[in-house]
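First up is the structure itself, then whatever we jot down about it.
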Amino acid sequence: MGAHVVRGWLVGILAALALLLVVSPARAHAELDSSDPQDGAALASAPAALSFTFGEQILEQGNAVTLTDVASESRLEVGPVQVDGATVSVSWPEQSPAGEFRAAYRVVSADGHPIEGTISFTVDEAAGVAVSPVAATTSDEPSAPPGDSASAVPAVEGSGPADDSDAGGVGPLGWVLFLGAAVVIGAAAGMWVMRRTR
């Protein structure tokens with residue numbers, strides 16, 4: 001075997017070793033193993049938290065998780081990032097609409113390499129959104145039944161037909177007294193006349 005052949009073999013082996021040294025660290029970076037909720041999941045109600053589990057330990061610093069309402073492209077406020085070994089989690093917002101959401105993560109693996117990715121899922125029911133109450137009636141008291149509206153209106157004094165006794169003339173009692181006095185006066189006058197004629 002000539003020297004040129006041996007030298008060629010050595011160069012090839014060194015090149016292969018160098019390639020392995022470059023590729024191996026890249027393959028050692030943490031990758032997403034699972035998420036809760038899963039990518040593409042359809043949930044009946046909002047979850048309590050978002051969590052991402054990776055293939056190796058995650059550093060405590062430099063991690064971020066965002067949640068976006070796809071319909072409005074508005075970002076919702078999630079809780080602070082919590083790291084537990086290889087799992088990163090954030091609490092779900094106190095209020096959120098129903099619809100499709102996109103959760104994006106950016107974490108730093110134990111070797112210092114950042115990992116990024118996104119998942120999408122849907123939620124059928126809004127969370128923490130106050131429901132507008134049905135407009136209530138202006139009064140708690142029951143309304144009067146039809147036909148009784150007149151009885152509910154107080155009578156205005158003096159608005160009804162005037163009584164005959166209030167017309168300014170002499171009432172029935174006055175007429176009786178007047179006639180009685182006339183009879184007495186007439187009888188006295190007759191007696192006086194009779195006495196005079198005797």
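Provide 69, 33 in ascending order of the number of other Cβ atoms located within 10 Å of each residue's Cβ, fewest first.
So the residues, fewest neighbours to most, are 33, 69.
Near residue 76, within a Cβ-to-Cβ distance under 12 Å, what is the net charge of the other residues, with Lys and Arg +1 and Asp and Glu -1?
Its environment carries a net charge of -2.
Which order do peptides 105-112, 73-80 fall in by mean Cβ count within 10 Å, highest first?
105-112, 73-80
Sorted by average packing, counted as other Cβ atoms within 10 angstrom per residue and highest first, what order do 85-94, 49-58, 36-45 take?
Result, highest mean first: 49-58, 85-94, 36-45.
Quick note: the coordinates plus some simple rules give every number you see, no bench work behind them. The shown structure was predicted, so the numbers you read here are calculated from the model rather than taken from an experiment. Ideal geometry is used to build each Cβ from the backbone, glycine not excepted, and the neighbour counts take in all protein chains shown.
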